[in-house]
Amino acid sequence: MSDIAVIGLGAMGTALAHAFLNKGHEVTVWNRSPAKAEALAARGAVVAKTVEEAVRSSPLIVACLLVYDTVHEALGAAEAAFSGRTLVNLTNGTPDQARAMSDWAARHGANYLDGGIMAVPPMIGGQHALILYGGSRQAFETYSGRLDALGASRYLGEDAGLAPLYDISLLAGMYGLFAGVLQALALTGKAGIPAREFMPLLTAWLEAMQGALPKWAEQIDSGDHTSNVVSNLGMQADAYVNLIDATRSAAVSAELVLPMQDLMRRGVAAGNANADLSSLVGLLQRPKPGA
Ligand SMILES: NC(=O)c1ccc[n+]([C@@H]2O[C@H](COP(=O)([O-])OP(=O)(O)OC[C@H]3O[C@@H](n4cnc5c(N)ncnc54)[C@H](OP(=O)(O)O)[C@@H]3O)[C@@H](O)[C@H]2O)c1
């Protein structure tokens with residue numbers, strides 16, 4: 001018997017398996033393409049010939065495959081082996097997919113945790129890796145010691161959909177940031193300003209602007225978006241027109257920034273000109289008229 005079976009040895013699954021080995025755990029691995037298991041075998045991992053053999057090897061099965069369809073396809077071949085075991089699925093997906101996977105595990109007698117990996121493979125096992133978990137509390141309490149080998153573990157609650165919800169929301173924040181950075185670099189680059197010269201100003205500015213976010217959290221939770229406002233929506237909506245006009249006259253595409261203008265205008269039209277930008281969250285939570 002091993003301590004942990006790792007199903008899927010892509011870039012991420014391989015990093016997970018190495019992190020478990022680094023902590024001295026007995027690890028069994030399986031991958032569709034067996035060659036990816038060789039380096040792990042050289043470090044003492046047992047290589048299973050089938051998914052079923054991997055599942056039967058351990059009480060804790062960690063799956064990290066490309067998408068949920070892949071997980072269903074791979075694990076479906078071994079469903080009879082899951083009874084009494086714990087499945088931790090770290091594949092990226094949606095809350096609905098996670099809940100369906102949790103139901104699948106329950107039907108086959110397994111405890112289930114769904115996880116969201118907030119790290120890239122080289123970070124796994126290091127102090128900056130965060131893994132979010134939702135699902136069986138009992139499974140988390142039993143195995144968090146082993147799972148801590150991957151990074152900081154954060155349990156969110158019994159709903160398996162919570163891990164992908166947090167994961168996707170964190171990614172939404174990240175992609176919003178990246179979109180703004182791409183726009184800024186397109187504008188300055190078009191004017192011949194080297195990205196290396198502009199980047200230090202941009203990173204310092206973004207860091208300073210993060211200071212506003214804790215106040216947004218208070219405003220959103222309290223529903224009061226109008227106390228102590230220093231940069232009201234009406235002012236920002238007017239200034240934003242300049243951002244769009246300057247972008248267009250520089251012959252730079254405004255495709256990333258136009259949706260924000262639309263949202264700001266809707267906020268002003270809804271009577272929120274004196275509120276903070278945080279008031280736009282409520283508009284996003286309602287479908288756009290006609291959508
Ligand atoms: N890499 C990252 O930075 C990162 C960060 C956070 C989360 N994630 C998530 O982690 C998961 C794995 O990512 P990764 O970077 O390891 O991807 P990857 O390197 O592309 O590996 C994909 C894995 O899925 C397996 N696979 C694909 N189709 C399959 C099928 N039909 N049947 C059986 N196995 C199949 C591959 O097997 P073969 O080796 O045989 O092709 C491989 O083990 C994804 O859900 C990803 O979103 C990745």
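The values are calculated or read from the model by the stated rules, or taken from the named source; none is laboratory data. As the structure is a computational prediction, the values presented were derived from the model and not from experiment. Positions of Cβ are generated from backbone atoms using ideal geometry, with glycine treated the same way; all protein chains shown enter the neighbour counts. Protein only, heavy atoms only, side chains kept; ligands, DNA and RNA dropped before computing areas. Shrake-Rupley method; radii C 1.70, N 1.55, O 1.52, S 1.80 Å.
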- For region 70-91, name all the residues that are surrounded by 18 or more Cβ atoms within 10 Å (Cβ to Cβ), of a type in the set (D, E, K, R) and either assigned to a helix (DSSP H, G or I) or out of contact with any Pro (no Cβ under 9 Å at 6 or more places or on another chain) (or both). 79
- Note on the structure: residue 115 meets each of (1) closer than 25 Å to residue 18 by Cα; (2) open to solvent by 40 Å² or more (accessible area, probe 1.4 Å); (3) in contact (Cβ under 8 Å) with a residue 24 or more places away in the chain with one exception, condition (2)
- Is it fair to say residue 156 is assigned to a helix (DSSP H, G or I), at pLDDT 95 or above and among the hydrophobic types (A, V, I, L, M, F, W, C)? no
- Query: Does residue 196 meet the test of being in a helix (DSSP H, G or I), among the basic types (Lys, Arg) and more than 30 Å from residue 102 (Cβ to Cβ)?
  - Reply: yes
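Would you pick out the residues in region 17-35 that are touching a helix residue (DSSP H, G or I) at 6+ places or on another chain (Cβ under 6 Å), within 12 Å of the ligand (Cβ to nearest atom) and among the hydrophobic types (A, V, I, L, M, F, W, C)?
17, 29, 30
Evaluate the following for residue 275: is it of a type in the set (A, V, I, L, M, F, W, C) and open to solvent by 20 Å² or more (accessible area, probe 1.4 Å)?
So residue 275 fails the test.
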- So residue 145, is it open to solvent by 20 Å² or more (accessible area, probe 1.4 Å), in contact (Cβ under 8 Å) with a residue 24 or more places away in the chain and more than 16 Å from the chain's Cα centre (by Cα): no
- Task: Would you check which residues across region 36-69 are outside any loop (DSSP other than H, G, I, E, B), in contact (Cβ under 8 Å) with a residue 40 or more places away in the chain and within 13 Å of the ligand (Cβ to nearest atom) and list them?
- Result: 51, 54, 62, 63
- Item | Matching residues in region 92-144 - criterion: being assigned to a strand (DSSP E or B) and β-branched (Val, Ile, Thr) | 117, 131
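Just checking, how many residues over region 262-272 are open to solvent by 20 Å² or more (accessible area, probe 1.4 Å) and in contact (Cβ under 8 Å) with a residue 12 or more places away in the chain?
5
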